Amino acid sequence: MHRFAKQIATFILVTALATALSACKGSQSASGGAGSDVAATVNGKNIMLSEVDRLISQQTEGKQAQMAPLQLAAARLQVLDNLIQRQVLYQKAEKEKTVPKDEEVDTAINAQKTRFTTEEWEKNLKENNLTEQQLRDEARKDLAIKTLQDKLFGKISIRDQEIVDFYNSNKEQFVNSRGVFISDIVSDPLDSTGQYPDDAKSDTEAKAKIDRIYALLKTGGADFATVARASSEDQSNIRGGDVGFATEADLKQNGFPPELVARFFGPMPVGGITEPIRFGNGRWYIFKLTNRQLQNENLSLDSPGVRDKIKEALISQRQTLLNEALLRTAMTDAQIVNNLAVGMLNDPSMLGGTQPVAGKPATTPAAASASPSASATPAASSTPVATATPHATQPAAAATPRAATPVTAATPRATPQAKPASAATPAAQGTKP
């Protein structure tokens, strides 16, 4: 999916359904595409088989025709479950009066429009077979579900004793590992198609650009972060080039030359910059060593950021459980008719068949007892960048508790978190050096 679709997904919280659910006018459905084919109803609201097949078409990049009949049948059931769950949550939001006003939907759409010219916006809508009304409908659903969740999450409170207990049970997680914090400025010979204002478009331009930047930093006294924001061809530019923390193993695994790693952990002063260095992906880099931790350091409960991280983890656990409880209760209250599933039961030889068979409502949908998938349980926040904004004052990645979904709400389980190499290396933006 090209950049436009990814931009659109920033305001659609259920990312797996962002540009396909009732929106993409993709290829003809695998069934032959009769638009009146109702795969399921939720309290009388139709979900069309064409919607299911359009989503499968997007997920398989138009190759659903190559799927075996059993694969297609399984995919249809799973996708339909997700669509049912999404519709159930939206209808719950309608009952709770959390559906946004037109002005709020306008704001969400207009926030995306500002990233494009009018011509680019219209061209990309056409290329993605989208209309603004379809985008508005999906944005309305997402905003409604998010507001419903926020209303529910406002009831969450974490006692201080829970924080203490979590720390005492997981002290091994709270360690500042030996490593470095680095920033970068990148010159990329590939054409960014307007994504970056100071864009090199060839090897010659990329080399000339990085040399110019290096001279500006060394002799002109320019601020590294300011230059990174203006000229770096990398997503780290929005953070002034900050790409975060990395251990020696992280750097080596992601293609940093051994001599550069040795400099970071050896003679290079904190605050110093490297000369331009070309990586295997053809990009040129200038690195700044922003901080260095040469020894593992055990953190106490009163170390900066520790209590906040634990509280965030415990709140995240509560949110996961509340999301699941919300979906389960909404599913229980809804009248769901899964024609696709009923049709498969009525004619097992046609599991991958051409038409959903209208039939009697299934009793209790299997989806009601299943854990909701990521695409069925919208994220609590529309800003999924928390882990992409590292701060030198925060504990290292290993000190950030990430708890698995607990068996009971009162007994959080800690799952040690791996150190994110991606946040600290050029490979984070797509291609390994």
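Brief remarks follow.
- Backbone amide hydrogens, once placed in the peptide plane, bring Gly244 within less than 5 Å of Ile182, excluding anything fewer than 5 places away on its chain.
- Ranked list, fewest to most other Cβ atoms within 10 Å of each Cβ, for Ser187, Ser57, Ser349: Ser349, Ser57, Ser187
- The ranking of Lys63, Lys113, Lys92, Lys155 from fewest to most other beta carbons within 10 Å of each one's beta carbon is Lys155, Lys63, Lys113, Lys92.
- Only Lys, Arg (+1) and Asp, Glu (-1) charged, at Cβ; region 270-339 dipole about Cα centre in debye: 260
- Projecting the Cα atoms of Ile156, Asn124, Thr107 onto the charge dipole of region 104-162, computed from C-beta unit charges around the Cα centre, puts Ile156 farthest toward the positive end.
- Measuring between alpha carbons in the structure, the pairs from Lys97/Lys141; Lys171/Lys309; Lys45/Lys95; Lys252/Lys311 lying more than 24 angstrom apart are Lys252/Lys311.
- Under a model in which nothing but the beta-carbon of Lys, Arg (+1) and Asp, Glu (-1) is charged, region 76-164 shows a dipole of about 360 debye around its Cα centre.
- Residue exposure sequence - Arg86, Arg178 - by fewest surrounding Cβ within 10 Å: Arg178, Arg86
- Between Leu216 and Lys155, the C-beta separation translates, for a Förster distance of 60 Å, into a calculated FRET efficiency of about 0.70.
Read-outs: derived from the displayed coordinates by stated rules, not from any lab. Only a predicted model underlies this, so the values are computations on that prediction, with no experimental measurement involved. Reconstructed Cβ throughout: ideal geometry from the backbone, glycine too, with neighbour counts over all protein chains shown.
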